[in-house]
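Chemist: Below is a structure I'd like to ask you about.
The values are calculated or read from the model by the stated rules, or taken from the named source; none is laboratory data. Values in this document were obtained by computation on a predicted structure and should not be read as measured data. FYI the Cβ positions are ideal-geometry reconstructions off the backbone, even for glycines, and counts take in every protein chain you see. Ligands, DNA and RNA are excluded from the accessible area calculation, which covers all protein heavy atoms including side chains. Shrake-Rupley method; radii C 1.70, N 1.55, O 1.52, S 1.80 Å.
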Amino acid sequence: ITAATPWEAGPLAKRWRLVPVPGQEKARAGAVGGRQVRVLETGMGRAKTLAALEGLETLRWPEPELVISAGFAGALQEGLEPGELVADLRGLPLDWVQAARAAAEESKVTLHLGAFHSAQRVLSPEEKRAVGREHRAVAVDLETAAVREWCEARGLAFAGVRAVFDALDDRAPEEGPEDASAAATLKFLATRWRQAPRLALLWPRQARGMGALGRFLGQWLGK
């Protein structure tokens, strides 16, 4: 499972009690639903994601059954609310898709299926509307396309599963603290105090979204 930031990778690792992987400070490993799982924090954007994935080749990890791009995404369509989940399962066998629907029901989360669009930066509400109409995509993020590309080059099964952070008409913050700690927050606000109102939305949405994502992935991987 790849996730760009500590806000995304950290809650999953904590929920599943994953432990650090020797030789890779940004990776955690353990068992989830009877499967061996590794969570890799890649950094934000295409370049950092590909660099982190290519760095795995030196660790000689066993070939994964499935690679998941996880974390947050922005909604590109009406009716997608913060805390709900979106999944791009194109190319997966039908039994994986059916298991995802069942896992969503069992974990009591709302799951929307559709294609993800890749962006190079955070999009404004106006841009999200235009991209959603043009590409008929359900959500947008910065890393999933790079993970899919890496997997396809190696013949690996791939899925994008993310929590909606910003609804279609929401304006997402372009940056935030390094992690959820008080020290990181104070450091961030010391030079960007005008963004404090937006940060007030970040914490509850982060907790709700990653909670839903963790419940869903735990159920799905156990099937």
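Chemist: Of a type outside the set (K, R), free of Cβ contacts under 8 Å to residues at least 12 places away in the same chain and surrounded by fewer than 19 Cβ atoms within 10 Å (Cβ to Cβ): does that describe E127? Spell out how you get there, then give the answer.
Modeler: Numbers: of a type outside the set (K, R): yes; free of Cβ contacts under 8 Å to residues at least 12 places away in the same chain: yes; surrounded by fewer than 19 Cβ atoms within 10 Å (Cβ to Cβ): yes.
Yes: the conditions hold for E127.
Chemist: Could I ask something else about it? Please determine, by comparing only the residues of the stretch 190-223 that are over 27 Å from D95 (Cβ atoms) and within 17 Å of the chain's Cα centre (by Cα), which one is modelled with the highest pLDDT. Talk me through it step by step, then tell me what you get.
Modeler: Kept after step one, since they are over 27 Å from D95 (Cβ atoms), are these residues of the stretch 190-223: 190-208.
Add one more test, that the residue is within 17 Å of the chain's Cα centre (by Cα), and what stays is 202-208.
Values: L202: 72, W203: 76, P204: 85, R205: 86, Q206: 86, A207: 91, R208: 94.
Step by step, filter the stretch 190-223, then rank; the result is R208.
Chemist: Can you report the number of residues in the stretch 18-64 which are more than 24 Å from F216 (Cα to Cα), surrounded by 12 or more Cβ atoms within 10 Å (Cβ to Cβ) and not aliphatic (A, V, I, L, M)?
Modeler: Adding up the residues that qualify gives 6.
Chemist: On to the next question. Go through (1) modelled with pLDDT of 90 or more; (2) over 15 Å from the mean Cα position of the chain (by Cα); (3) over 25 Å from A207 (Cβ atoms) one by one and return the number of the condition R46 breaks.
Modeler: (2)
Chemist: Can you tell me how many residues in the stretch 95-124 are under 24 Å from A4 (Cβ atoms), of a type outside the set (G, A, S) and open to solvent by 30 Å² or more (accessible area, probe 1.4 Å)? Break it down into steps so the answer makes sense when it comes.
Modeler: Of all residues in the stretch 95-124, those under 24 Å from A4 (Cβ atoms) come to 96, 100, 103-104, 107, 109-124.
Narrowing the set further to residues that are of a type outside the set (G, A, S) leaves 96, 109-113, 116-117, 120-123.
Still in the list and also open to solvent by 30 Å² or more (accessible area, probe 1.4 Å): 96, 110-113, 117, 120-122.
Result for the stretch 95-124: 9.
Chemist: Okay, moving on. All but one of (1) crowded, with 16+ Cβ neighbours inside 10 Å; (2) under 14 Å from R148 (Cα atoms) hold for E84, so report the exception by its number.
Modeler: (2)
Chemist: Which of the numbered conditions does W61 fail, given that it passes all the others? Conditions: (1) under 21 Å from V37 (Cβ atoms); (2) at pLDDT 95 or above; (3) of a type outside the set (D, E, K, R).
Modeler: Evaluating W61 over (1) under 21 Å from V37 (Cβ atoms); (2) at pLDDT 95 or above; (3) of a type outside the set (D, E, K, R) leaves (2) as the failure.
Chemist: Please work out which one of (1) open to solvent by less than 40 Å² (accessible area, probe 1.4 Å); (2) more than 22 Å from L202 (Cβ to Cβ); (3) assigned to a loop (DSSP other than H, G, I, E, B) is the condition G132 fails and give its number.
Modeler: (3)
Chemist: Within the stretch 11-22, can one find any residue that is modelled with pLDDT under 90 and not small (G, A, S)?
Modeler: Applying the first criterion (modelled with pLDDT under 90) to the stretch 11-22 yields 21-22.
Now restrict to residues that are not small (G, A, S): 21-22.
Yes, that holds for at least one residue.
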